[in-house]
């Protein structure tokens, strides 16, 4: 029965050297490009962290304002807010 694989062919030393050279060049390029992208990403993370602190403060203030408004509405519906105003507890 005949073999399905073709006979081995020797590859030129020039082609082997070119392959290895290009492989090393590609690895070097990838390493440098990764460092560049990592530096850029670090800057973006720092900016995002600064924005997150400000945003969290704004959300906390908004949440407090909404909670107060909700409690005032509940107090109005229950009639408690009017009593608190009469007693001088609430403005």
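Derivation of every value follows stated rules applied to the coordinates shown; laboratory data play no part. Predicted, not measured: the structure shown is a model, and the values here were computed from it. Here the Cβ positions follow ideal geometry from the backbone for every residue, glycine too, while neighbour counts run over all protein chains shown.
Quote the FRET efficiency, to the nearest 0.05, computed for residue 48 versus residue 80 with a Förster distance R0 of 35 Å and r equal to the Cβ-Cβ distance. Show your work: numbers first, answer last.
Details: r = 43 Å, r/R0 = 1.23.
E(calc), rounded to 0.05, equals 0.20.
For the chain, what does -39500 (n - 2.57) per DSSP helix run (n ≥ 4), summed and divided by total residues, give at 222 nm, in deg cm²/dmol to the nearest 500? Spell out each step's value before the answer.
Values: 2 runs with 74 residues, N = 91.
That calculation yields -30000 deg cm²/dmol at 222 nm.
Simple spin-label estimate for residue 67 and residue 17 gives 7.4 nm between the two label positions (7 Å along the Cα-to-Cβ direction from each Cα). Does anyone have the angle between helix 13-78 and the longest principal axis of the chain? Alpha-carbon axes, 0 to 90°, nearest 10? Approximately 10 degrees, to the nearest ten.
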